[in-house]
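What follows is one structure encoded as structure tokens, with my remarks underneath.
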Amino acid sequence: MNLNNDLVPIIRKGDIDKEAAKFLQKYYPQGLKEPMAIPVEDIAELKMGLEIDYVNIDRNCDTLGMMIFSDGCVELYDKDTQQNIVRQYKKGTLLVESDLSEIANRGRERFTVTHEMVHWDKHQLRFMTLSYKDKAMAKACRCPKQKAYKPKTADEWIEWQADNIAAAILMPAEMFRIKAEELRGRYKAGKRINDFLWRGLSPEIIRELIIDELASVFQVSKQAAGIRLNTLGISI
């Protein structure tokens with residue numbers, strides 16, 4: 001894997017699906033064989049040896065996840081006292097904002113776990129090198145809710161990589177395309193789905209119904225499924 005001067009992997013937009021396939025081939029090959037919800041928590045804990053902890057990371061949920069690359073202290077938020085606290089963590093701990101599960105945002109929760117796994121798989125060298133500068137505080141990658149549209153800094157680039165590879169892991173290109181085309185064909189055949197007949201529905205409604213089903217099959221948000229359709233150039 002080629003790195004730049006900031007120890008960030010050189011991964012271009014056209015390489016994203018290839019990188020996602022390499023990840024799945026390594027940790028969960030079955031995900032490349034049939035459309036499914038990738039079992040991301042099992043991969044993290046059983047295949048990658050990570051420990052997932054659901055906590056309040058900060059006051060306003062501005063940080064959805066964090067990957068810890070070295071033993072040390074991490075600053076978190078305590079809802080009961082409404083104060084910041086410091087907690088000791090081991091290398092290989094994956095923190096997820098607990099409010100994600102409380103608001104039943106399963107798609108976003110799964111995306112966050114996958115995003116952090118990508119950091120562990122691709123960005124360890126950068127963060128372990130940085131950890132030598134401050135041994136007291138654990139060197140961790142905090143993943144903000146708001147992202148830079150056009151990445152410029154090293155941190156923005158690794159967030160861009162983790163976001164895009166995570167989406168491609170959760171919705172592998174070939175499996176996603178197969179399922180989307182299957183659903184499109186089913187609508188054309190006029191079969192009943194969700195108490196509606198395909199025939200007679202507007203293209204806009206058909207697209208929304210297909211996105212709903214794709215989101216359900218791959219257990220992602222509807223927004224993520226719609227973006228993936230566009231990214232792969234799949235016409236519905």
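Before we move on, is Leu7 under 21 Å from Thr153 (Cα atoms) and either surrounded by 14 or more Cβ atoms within 10 Å (Cβ to Cβ) or out of contact with any Asp or Glu (no Cβ under 7 Å at 6 or more places or on another chain) (or both)? It is true that Leu7 is under 21 Å from Thr153 (Cα atoms) and either surrounded by 14 or more Cβ atoms within 10 Å (Cβ to Cβ) or out of contact with any Asp or Glu (no Cβ under 7 Å at 6 or more places or on another chain) (or both).
Filtering the stretch 71-103 to residues that are β-branched (Val, Ile, Thr), surrounded by 13 or more Cβ atoms within 10 Å (Cβ to Cβ) and out of contact with any Phe, Trp or Tyr (no Cβ under 8 Å at 6 or more places or on another chain) leaves only Thr93. Those residues that are of a type outside the set (Ser, Thr, Tyr), more than 15 Å from the chain's Cα centre (by Cα) and under 20 Å from Glu45 (Cα atoms), I need them from the stretch 58-71; list them, please. Listed by number, the residues that qualify are Ile68, Phe69, Asp71.
Among the residues that make up the stretch 83-101, is at least one of them under 18 Å from the mean Cα position of the chain (by Cα), of a type in the set (Ser, Thr, Tyr), in the same structural domain as Pro9 (by the TED database) and farther than 20 Å from Glu159 by Cα? Looking for residues that are under 18 Å from the mean Cα position of the chain (by Cα), of a type in the set (Ser, Thr, Tyr), in the same structural domain as Pro9 (by the TED database) and farther than 20 Å from Glu159 by Cα, one finds at least one in the stretch 83-101, hence yes.
Which of the following residues is under 22 Å from Asn5 (Cα atoms), aliphatic (A, V, I, L, M) and either part of a helix (DSSP H, G or I) or modelled with pLDDT of 90 or more (or both): Met128, Met117? Break it down into steps so the answer makes sense when it comes.
Numbers: Met117 fails: under 22 Å from Asn5 (Cα atoms).
After ruling out the rest, the residue left standing is Met128.
For the stretch 47-85, a residue qualifies if it is of a type in the set (Val, Ile, Thr), assigned to a strand (DSSP E or B) and in contact with a Lys or Arg (Cβ under 9 Å, 6 or more places away or on another chain), and the qualifying residues are Val55, Thr63, Ile68, Val74. Among the residues of the stretch 5-60, those identified as of a type in the set (Val, Ile, Thr) and farther than 19 Å from Lys122 by Cβ are Val55, Ile57. Residues of the stretch 31-46 that are part of a helix (DSSP H, G or I) and without any contact (Cβ under 8 Å) to a residue 60 or more places away in the chain: Asp42, Glu45, Leu46.
Select from the stretch 86-100 the residues that are among the hydroxyl-bearing types (Ser, Thr, Tyr) and part of a strand (DSSP E or B) and write down the one among them that is farthest from Arg142 (Cα to Cα). Reasoning before the result, please.
Narrowing the stretch 86-100 to residues among the hydroxyl-bearing types (Ser, Thr, Tyr): 89, 93, 98.
Subsequent filtering for residues that are part of a strand (DSSP E or B) retains 89, 93.
Numbers: Tyr89: 14, Thr93: 12 Å.
Ranking the qualifying residues of the stretch 86-100, first place goes to Tyr89.
In the stretch 227-236, how many residues are over 15 Å from the mean Cα position of the chain (by Cα) and either part of a helix (DSSP H, G or I) or without any contact (Cβ under 8 Å) to a residue 12 or more places away in the chain (or both)? Spell out the reasoning first.
Of the residues in the stretch 227-236, the ones over 15 Å from the mean Cα position of the chain (by Cα) are 229-236.
Filter once more, keeping what is either part of a helix (DSSP H, G or I) or without any contact (Cβ under 8 Å) to a residue 12 or more places away in the chain (or both): 229-231, 233, 235.
Counting residues in the stretch 227-236 that are over 15 Å from the mean Cα position of the chain (by Cα) and either part of a helix (DSSP H, G or I) or without any contact (Cβ under 8 Å) to a residue 12 or more places away in the chain (or both) gives 5.
Residues that are in a loop (DSSP other than H, G, I, E, B), surrounded by 13 or more Cβ atoms within 10 Å (Cβ to Cβ) and more than 19 Å from the chain's Cα centre (by Cα) were ranked within the stretch 192-219; the one that is modelled with the lowest pLDDT is Trp198.
The values are calculated or read from the model by the stated rules, or taken from the named source; none is laboratory data. Only a predicted model underlies this, so the values are computations on that prediction, with no experimental measurement involved. When we count neighbours, we look across all protein chains shown, and the Cβ atoms used for this are built from the backbone with ideal geometry, even at glycine.
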